[in-house]
1. Going by what's in this entry, would A:Ala15 be described as modelled with pLDDT of 90 or more, among the hydrophobic types (A, V, I, L, M, F, W, C) and either in contact with a Cys (Cβ under 9 Å, 6 or more places away or on another chain) or exposed (fewer than 13 other Cβ atoms within 10 Å of the Cβ) (or both)?
2. Enumerate the helices (runs of 4 or more DSSP H) found wholly within region A:241-299, keeping only those where 1 or more residues are free of Cβ contacts under 8 Å to residues at least 60 places away in the same chain, buried (at least 20 other Cβ atoms within 10 Å of the Cβ) and in contact with a Ser or Thr (Cβ under 8 Å, 6 or more places away or on another chain).
3. Within region A:324-361, how many residues are surrounded by fewer than 16 Cβ atoms within 10 Å (Cβ to Cβ), in contact (Cβ under 8 Å) with a residue 12 or more places away in the chain and in a loop (DSSP other than H, G, I, E, B)?
4. Can you say whether A:Leu89 is more than 17 Å from the chain's Cα centre (by Cα), over 19 Å from A:Val54 (Cβ atoms), in a helix (DSSP H, G or I) and hydrophobic (A, V, I, L, M, F, W, C), as far as the supplied structure shows?
5. Of these, A:Glu252, A:Glu233, which one is away from every other protein chain (no Cβ under 14 Å) and either over 26 Å from the mean Cα position of the chain (by Cα) or among the hydroxyl-bearing types (Ser, Thr, Tyr) (or both)?
6. Starting from residues that are more than 13 Å from chain B (Cβ to nearest Cβ) and more than 15 Å from the chain's Cα centre (by Cα), keep the ones in region A:105-134 and report whichever is nearest to A:Leu322 (Cα to Cα).
7. Counting just the residues of region B:64-95 that are assigned to a loop (DSSP other than H, G, I, E, B) and within 21 Å of B:Val167 (Cβ to Cβ), which one comes out nearest to the chain's Cα centre (by Cα)?
8. Could you list all residues from region A:31-77 that are surrounded by fewer than 21 Cβ atoms within 10 Å (Cβ to Cβ), on the phi > 0 side of the Ramachandran plot and in contact (Cβ under 8 Å) with a residue 40 or more places away in the chain?
Amino acid sequence: MVVKSLHLSNFRNYASQELQLPPGLVAFTGDNGQGKTNLLEAVCVLATTKSPLVERDRELIRWDEKSARLGAEIELPPPPNREADVRRLEYSWRVEGQKVEREMKVGGVPQSAVASWLGQLQVISFFPHDLVLVTGEPEERRRFLNLELGKIWPAYFSDIARYRRALQQRNAFIKATYDNPNRRETEEKYGSLGELNRALVSYGSRVLAARSRFFAEIAPLLTETHQRLSGLEGPFEVEYLPGLSAWRRGDESDWSRLFLQSLERDHSDDFRRSSTQSGPHRDEFAFKLGGVDLRRYGSQGQGRLAVLSLKIALAHWVRDTLGDDPILLLDDALSELDSTRRELLLEEAKSFAQSVVTATDATFLGEVAAHFRVSEGKVEPVLTTA
Amino acid sequence: MLYPRPLEALLYELEKLPGVGPKSAQRLAFALLRRDAQQNDDLAGAIRDVKAKIRPCENCGNYTDVEICDICASPKRENGLLCVVAEARDVLAIENSNEFFGRYHVLGGLFNPLEGVGPEQLKISEMIGRLGPEHVEEVILALSPTVEGETTGSLVARALEKHGVKVTQLARGLPFGGDLDYADQVTIAGALRGRRELG
């Protein structure tokens with residue numbers, strides 16, 4: 001798919017901006033703090049309802065304004081996808097006292113559920129902040145997985161939500177049952193923990209299976225992408241580490257059974273700590289270059305290349321899975337690469353139906369479909385084929 | 001602004017009701033003030049009566065003003081078919097469909113450790129006690145498709161395991177009268193998982 005036009009009003013430092021974008025490589029250049037990143041952020045918000053950079057929606061609305069709006073026209077590939085060729089997305093906020101009300105519309109029809117909004121616009125983004133995927137806490141990596149897999153498999157989102165709820169119920173149950181003789185008696189009579197385990201395993205095993213399938217499918221794409229980008233032959237991999245005590249490396253057989261075994265194995269531990277030790281809420285994954293864990297031993301440059309490889313491999317995976325190109329957004333991805341790798345990355349970006357990059361200057365961009373200069377919340381075309 | 005004490009007391013009580021905020025409480029309170037004393041006495045009487053006279057049916061837990069509710073007492077109701085619901089208000093929802101002619105059993109809640117509800121607070125043994133006398137052959141679980149509803153469902157199903165009754169649950173999937181392309185993806189994914197053979 002391709003973003004044909006983009007509209008921003010009162011979003012970040014933009015008062016009102018209308019943009020027509022061509023397919024191919026689109027570049028935004030300008031000094032720091034002029035609003036290049038905000039444009040990519042706007043596309044991300046349209047794709048996922050969430051900013052990849054800030055938690056609170058209030059921060060997305062222009063200073064002193066009470067409302068903001070984003071709009072885009074998305075061009076879908078021609079048949080076999082025979083439905084409407086152009087999809088209109090609108091996303092708006094209204095500040096009501098302490099609260100921010102939002103509204104989402106597809107083709108003018110209001111959407112109530114985030115689940116029905118996701119997938120309308122498929123975007124894979126890289127922001128310099130994404131380095132936390134390598135260096136940060138496991139929580140960051142699980143959040144990445146949930147968002148990226150939920151965008152492709154909507155049922156994954158509801159499985160995650162139900163899994164969390166079942167986990168809260170189980171933790172509340174073991175907290176209340178521990179050193180309470182009455183509770184233990186009813187537990188023996190009804191086997192309630194068994195039922196909670198069953199609920200946890202039924203949602204959790206679907207999450208585990210989805211993640212494991214994702215890592216298996218993306219593995220060859222990752223190795224190829226990293227080789228193309230880095231020019232290095234050394235094997236690069238992202239290793240899935242399920243948070244199950246009964247899991248052993250290489251065992252991907254039956255997630256329900258592995259999960260249930262883990263719960264049984266952790267039984268006394270769970271009661272002692274009043275929380276559930278095993279489950280996808282403890283999942284992790286590790287970036288490994290030539291067998292070495294980059295979180296502990298990698299350099300900043302290696303980490304950056306690892307994250308870029310992951311994002312681009314992800315974009316290839318989305319293309320293979322959906323049969324349509326996602327839009328690739330690269331924020332300030334070029335500046336810290338050497339000239340060879342910069343060119344390799346731009347080649348990679350050009351292989352997608354549309355990709356958008358930001359840079360402080362245009363000198364090393366090469367041939368682009370459009371080039372815009374960004375200055376103080378205004379965008380001026382330098383060159384465009386749109 | 002301060003109201004006279006009796007009005008203040010009324011507002012305070014009204015605001016405790018579900019769905020009644022300060023504004024609606026005011027509107028209700030002033031409407032009550034304008035009405036005949038007789039009308040208000042009738043209302044007060046009805047409120048007093050509902051608490052004094054309505055109680056759970058001793059057999060099924062549904063609301064009733066006699067010992068055994070009309071549904072349990074009705075000879076027209078099929079023996080052998082028992083529909084398990086969480087709350088008494090769910091009985092009304094199913095009754096309104098005019099499609100069910102068996103009897104009900106109200107559990108009195110859902111298994112919800114977060115809110116301190118364990119299985120011992122649910123009327124599961126009372127349900128087991130009805131199986132024999134009422135010659136129950138099938139138990140239909142009509143519980144919400146939430147995590148709590150599903151956990152309660154499997155708890156009840158397991159309690160029924162050794163009693164030789166058929167256990168079924170309400171189908172989950174596409175809503176009637178809706179277009180397929182208007183259903184959200186999660187509902188469609190769930191309906192796909194729960195698909196069944198035609199004919």
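1. On the way: modelled with pLDDT of 90 or more: yes; among the hydrophobic types (A, V, I, L, M, F, W, C): yes; either in contact with a Cys (Cβ under 9 Å, 6 or more places away or on another chain) or exposed (fewer than 13 other Cβ atoms within 10 Å of the Cβ) (or both): yes.
Yes: the conditions hold for A:Ala15.
2. Per the criteria, A:255-265.
3. 5
4. Against the criterion (more than 17 Å from the chain's Cα centre (by Cα), over 19 Å from A:Val54 (Cβ atoms), in a helix (DSSP H, G or I) and hydrophobic (A, V, I, L, M, F, W, C)), A:Leu89 does not qualify.
5. Just one listed residue meets the conditions, A:Glu233.
6. Taking region A:105-134 first, the residues more than 13 Å from chain B (Cβ to nearest Cβ) are A:105, A:108, A:121-134.
Retained after the next criterion (residues that are more than 15 Å from the chain's Cα centre (by Cα)): A:105, A:108.
Details: A:Lys105: 23, A:Gly108: 25 Å.
Taking the candidates together, the pick is A:Lys105.
7. B:Glu87
8. A:Thr49
The values are calculated or read from the model by the stated rules, or taken from the named source; none is laboratory data. Just so we're clear, the structure is a prediction, and the values are computed from it rather than from any experiment. Note that we place each Cβ from the backbone using ideal geometry, even for glycine, and neighbour counts take in every protein chain shown.
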